[in-house]
1. Of the conditions (1) hydrophobic (A, V, I, L, M, F, W, C); (2) in contact with a Pro (Cβ under 9 Å, 6 or more places away or on another chain); (3) over 20 Å from GLY123 (Cβ atoms); (4) modelled with pLDDT of 90 or more, LEU37 clears all except one; give me its number.
2. When you scan segment 130-144, how many residues do you find that are on the phi > 0 side of the Ramachandran plot and either surrounded by fewer than 18 Cβ atoms within 10 Å (Cβ to Cβ) or assigned to a strand (DSSP E or B) (or both)?
3. Do we find that ASP326 is part of a strand (DSSP E or B) and free of Cβ contacts under 8 Å to residues at least 40 places away in the same chain in this structure?
4. Of the residues LEU387, LEU313, which is out of contact with any Pro (no Cβ under 6 Å at 6 or more places or on another chain) and within 22 Å of ALA469 (Cα to Cα)?
5. In segment 99-129, which residue that is hydrophobic (A, V, I, L, M, F, W, C) and out of contact with any Leu (no Cβ under 8 Å at 6 or more places or on another chain) is farthest from THR163 (Cα to Cα)?
6. Could you say whether any residue in segment 331-338 is open to solvent by 60 Å² or more (accessible area, probe 1.4 Å) and under 30 Å from ALA207 (Cβ atoms)?
7. More than 20 Å from ASP410 (Cα to Cα) and either in a loop (DSSP other than H, G, I, E, B) or open to solvent by 40 Å² or more (accessible area, probe 1.4 Å) (or both): does that describe ILE252?
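The values are calculated or read from the model by the stated rules, or taken from the named source; none is laboratory data. Treat the numbers as computed from the prediction; the structure is a model and nothing was measured. Cβ placement follows ideal geometry from the backbone for every residue including glycine, while neighbour counts extend to all protein chains displayed. Just the protein is used for accessible areas: all its heavy atoms, side chains included, with ligands, DNA and RNA removed. Shrake-Rupley method; radii C 1.70, N 1.55, O 1.52, S 1.80 Å.
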Amino acid sequence: MATFTWLGGSGNWTDSNWSISGPSAQPYPTTSDVAFLNGTGSYVVTISAPIGALAHDATLNDPNATLSVSATFVLGGGLTISQGTLTISTFNVLIFPQTLTNDGTILSTGLGAFSSLFDTSRGFTNNGTMSIDGDSMSINTLSSSFINAGSISVADFGVLTITENAVFDNSGLITLASGADLHLSLEPPTSPGSTSGNIQFLDNSNATLTLTDSAPSLTTTVEDFRPGNIIDMDGTLVFDGSETAVLQSGNIVVSKQNSTVFTIPVSGIPANATFAVTNDGSGWAQITMNPVACMVSGTRIRTPRGDVPVEMLAVGDLVRARFAGDVPITWIGCRRVDCSRHEAPERVRPVRVLAGAFGDDLPVRDLLLSPDHAVFTEGVLIPVKYLVNGVTVLPDEAAAQPLYFHVELDAHDILWADGLPVESLIPRGDRSAFENGGALVQLHPDFHSLAWEAEGCAPLVVTGPRLDATRARLAAQVVHLASRVSRAAGAA
């Protein structure tokens, strides 16, 4: 066994640029050797061709150095990144150390689909920084341990998969942004390790945490879960429609047929948040947070001084509410949504309610609402998306970047928007869905009745005979409007 030390400057691993201590048949490290990338200055050492085991142990110990891997990298022992950067520089990179310890930086950025696989039969430890930006990285610890005491960032639709762990220990921070997907396969009897760390959904992330083949509780804390994010129980919980998720004592508690089956520690979630459990499309349960509902700028809200555009209202202004009378506004949320950048534009695109769709002057002019905004009709609240008929209530395909507003009162109530009675914002709800309320998140359409059961001013209807009756009245009003237009044309 020989000890190799890089002499400095950039080059390939197989270059004759090593000082050698001990017998060696090659001018570069191979199967039983120990390699050190030390020194000073900025340089890049590239592994560009698979040539078998490159060393027994390898250590990167220069803060300005980069080990760039674009081929299979096999080590008989361990890879230690004490300082410096390990960069995945092309597709399909396979790295096979028995152990990996990172106190520096691991980067995988801008490569797209499958980028790298780490197989570490004796454990993977990150005390430094890892960034997976737009790439797909898998870490397979082969029934050993995955330990994160540093920071890991997954962004730009990047995917990080961590599988086959005997121990999953996250005392650090894992952040998910911009469509990221973190897959955790925590098969029993996975030991929970530390519970002091966080998995954090960043602003406007539309990210997914996938819990595959997991034990009945997640031990690391999920932070800042918001509408637009998903917790997918793929491989963990088969969906049958009986599942519910509620916030209890700092946990999302998931139940199936009235029995608790999974708990997820959470923080940074509004105290009155509610959740929907739906089919992820593959037969597994997924959890989303229920959204808030909004009106588009230009909508006129009835006040004691007349109808006022919603964007001209301010906190403290009086508005006319059906149940409470004239009451002050306690908060106004605003948020512009780019439908073209949303993964499912129909979920945030405004619904246009034509003038007279619900009856004479209901509304008095065309009204734009977010899909989940509930209309008050016949004593119940019905989200407008359930009333789309393609004629008088229909998605506004021309609305590319609607500016949404919502008015919050001291209690949930009914406002008149362009003459049509619609709901106000449930008070003290998730203000982070708005630009002036905290973290930015996309609006998301999933809907759930728990918020209305607790605080709603009227029953919420999303199915059944009362919904059918309202749809029938809308259809009859279409006929009425058509005959009115026909008569007017004849008179002309």
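1. (2)
2. So the first thing to find is which residues in segment 130-144 are on the phi > 0 side of the Ramachandran plot, and the list is 134, 142-143.
Checking which are either surrounded by fewer than 18 Cβ atoms within 10 Å (Cβ to Cβ) or assigned to a strand (DSSP E or B) (or both) leaves us with 142-143.
Final tally of qualifying residues: 2.
3. Values: part of a strand (DSSP E or B): yes; free of Cβ contacts under 8 Å to residues at least 40 places away in the same chain: yes.
Yes, satisfied.
4. Details: LEU313 fails: within 22 Å of ALA469 (Cα to Cα).
Going through LEU387, LEU313 in turn, just one is out of contact with any Pro (no Cβ under 6 Å at 6 or more places or on another chain) and within 22 Å of ALA469 (Cα to Cα): LEU387.
5. Initial filter on segment 99-129 (hydrophobic (A, V, I, L, M, F, W, C)): 100, 106-107, 111, 113-114, 117-118, 124.
When the remaining residues are screened for being out of contact with any Leu (no Cβ under 8 Å at 6 or more places or on another chain), the result is 111, 113-114.
Working: LEU111: 22, ALA113: 18, PHE114: 16 Å.
The qualifying residue farthest from THR163 (Cα to Cα) is LEU111.
6. Taking segment 331-338 as the starting set, the residues that turn out to be open to solvent by 60 Å² or more (accessible area, probe 1.4 Å) are 336.
Checking which are under 30 Å from ALA207 (Cβ atoms) leaves us with 336.
Looking through segment 331-338, at least one residue is open to solvent by 60 Å² or more (accessible area, probe 1.4 Å) and under 30 Å from ALA207 (Cβ atoms).
7. Values: more than 20 Å from ASP410 (Cα to Cα): yes; either in a loop (DSSP other than H, G, I, E, B) or open to solvent by 40 Å² or more (accessible area, probe 1.4 Å) (or both): no.
Against the criterion (more than 20 Å from ASP410 (Cα to Cα) and either in a loop (DSSP other than H, G, I, E, B) or open to solvent by 40 Å² or more (accessible area, probe 1.4 Å) (or both)), ILE252 does not qualify.
Quick grid of which residues meet (1) among the basic types (Lys, Arg); (2) closer than 28 Å to GLN477 by Cα; (3) at pLDDT below 90:
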{"site": "CYS334", "(1), (2), (3)": "no, no, yes"}
{"site": "GLY356", "(1), (2), (3)": "no, yes, no"}
{"site": "VAL393", "(1), (2), (3)": "no, yes, no"}
{"site": "ALA399", "(1), (2), (3)": "no, yes, yes"}
{"site": "ASP410", "(1), (2), (3)": "no, no, no"}
